[in-house]
Every structure is written in structure tokens, then in C-alpha cells.
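Read through the structure below, which is laid out as C-alpha cells, and then see the notes.
Just so you know, all these numbers are worked out from the coordinates, no wet-lab data involved. Because the structure is a prediction, the values reported are computed rather than measured. A quick note on method: Cβ atoms are made from the backbone with ideal geometry, for glycine too, and the neighbour counts reach across all protein chains shown.
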Amino acid sequence: MELKWKMKILYDTNILIHINDPKELSPNLQSLLAIIREHGHQEVIHPASQKDIENDNDIGRRKVTLSKLFGYPFLPSPPKPDDNFISLVGPPTNSHDENDNEILYSLQKNLVDFLITEDKGIKNKASLLNLDDRVFSIEAALDYFNVMYQRFSPSHSLLRKMYAHEINIDQSFFDSLKEDYG
């Protein structure tokens, strides 16, 4: 049975950099992106990621990364972390922490279903907020989606997996079916 619920998946800045880096993608990231896109889930970016990338001192890399970033939909008008949130995770010590807090706060406020990150600081904060079941590394996200979309295929010596268009309906096996359904 195909899951019809389409999730909104937020990529942390470090994931965006992996995706848009001119280097080869890791096999796990390739597989993760394929399964997310195959099942029509929405990939979104937080405006804080744009701020993170704008702080990159390498002007050429910053320009290229920003151009690729704008190929994704942004979360519209995400809220700023409130005092209660800050009291739980601690005040930011720099602009990167501030951006991480904004990204994580969007998850806490359910603007997105999942956050994918390789940032250990965000994962630690997510644990403090009891959001760790919605914050995944690339590998954990791949495992999650693989389990979600695994299909049971019975095995038997007489069964062969094939596409419907590969079946020869002129075989005698289908004659009675053709008679019944015309």
C-alpha cells in the first residue's frame, strides 16, 4: 500500500552544501534524495540557511551555492524562537547558533515534518526538546524511508517479478479471464 501523505522535509545548511557541492554525492545521499523525490515529498529550505551561506568568506563558492539554493522552495515567514525555546536550548553564541535555533524551532512548531542534518549541535538540541525522533542524519533518514517504503515480495519458484506490460496475455492461462471480462 502506497503512503499518500506527503511529508515536508527541511534540509539543514550542511545537507544543502553536500547536495550542491561540485563533488560526487555519497551513495547514501543519492539513495535518500531518490526515495524522497520518487515518493513526492516536499524538500524545503529555511531562510536561515541562506543567511548561513551568505556568511561564507569564499565569494565564488557563496555565489554558486546561493544560486543552487534558490532552486528549492523556502519556508514562508518562519517564526523566530521564543523565550521558552531559548531557555531550553540556551542562548546562541554566534550567528551560526542563531540560524540553527531558527531551523530547529521551525521543526518544533511543526512547519515541517522532519529535519535532515549532520550537525551534532542541532541533534543535541533536538534531544533536549524531545524532537530527536524527527531529526535525522543522512543515514538515519535513508533507513527510515527504506523501512517506510519496503515492499513484501513473496518468493516462490513459480513466481517471477516483472512489470505488467511484460506479461503475455495471449497465454492460455488468461483465456477464461478474457471470456469472463470480454
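Some values worked out for this structure:
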{"read-out": "Sorted peptide list for 137-147, 80-90, 107-117, criterion being average Cβ within 10 angstrom, highest first", "value": "107-117, 137-147, 80-90"}
{"read-out": "Semi-axis lengths, Å, segment 47-149, gyration tensor of Cα atoms, sqrt of 5 times eigenvalues", "value": "22, 20, 13"}
{"read-out": "Kirkwood hydrodynamic radius over Cα pairs of the chain, then Stokes diffusion coefficient at 4 °C and 1.567 mPa s, in µm²/s", "value": "68"}
{"read-out": "Part-to-part distance (alpha-carbon centres) for segment 28-53 and segment 90-127, which is given in Å", "value": "16"}
{"read-out": "Cα-based Rg of segment 5-97 normalised by 2.2 N^0.38 Å, two decimals", "value": "1.22"}
{"read-out": "Cβ charges +1 (Lys, Arg) and -1 (Asp, Glu), total dipole of segment 1-85, debye", "value": "260"}
{"read-out": "Mean Cβ neighbour count within 10 Å, used as a protection proxy, ranking 57-64, 72-79 highest first", "value": "72-79, 57-64"}
{"read-out": "Distance histogram in 10 Å bins (all Cα pairs of segment 94-182, percent per bin)", "value": "13, 28, 16, 10, 14, 13, 5, 0"}
{"read-out": "Within straight-line cross-link reach of Lys23, lysines at Cα separation under 24 Å, skipping those fewer than 8 residues along the same chain", "value": "Lys51, Lys63, Lys68, Lys120"}
{"read-out": "Dipole magnitude of the chain, debye to nearest 20 (Cβ charges: Lys/Arg +1, Asp/Glu -1, about Cα centre)", "value": "160"}
{"read-out": "Nearest 10 degrees, 0 to 90: helix 95-108 Cα axis against the chain principal axis", "value": "40"}
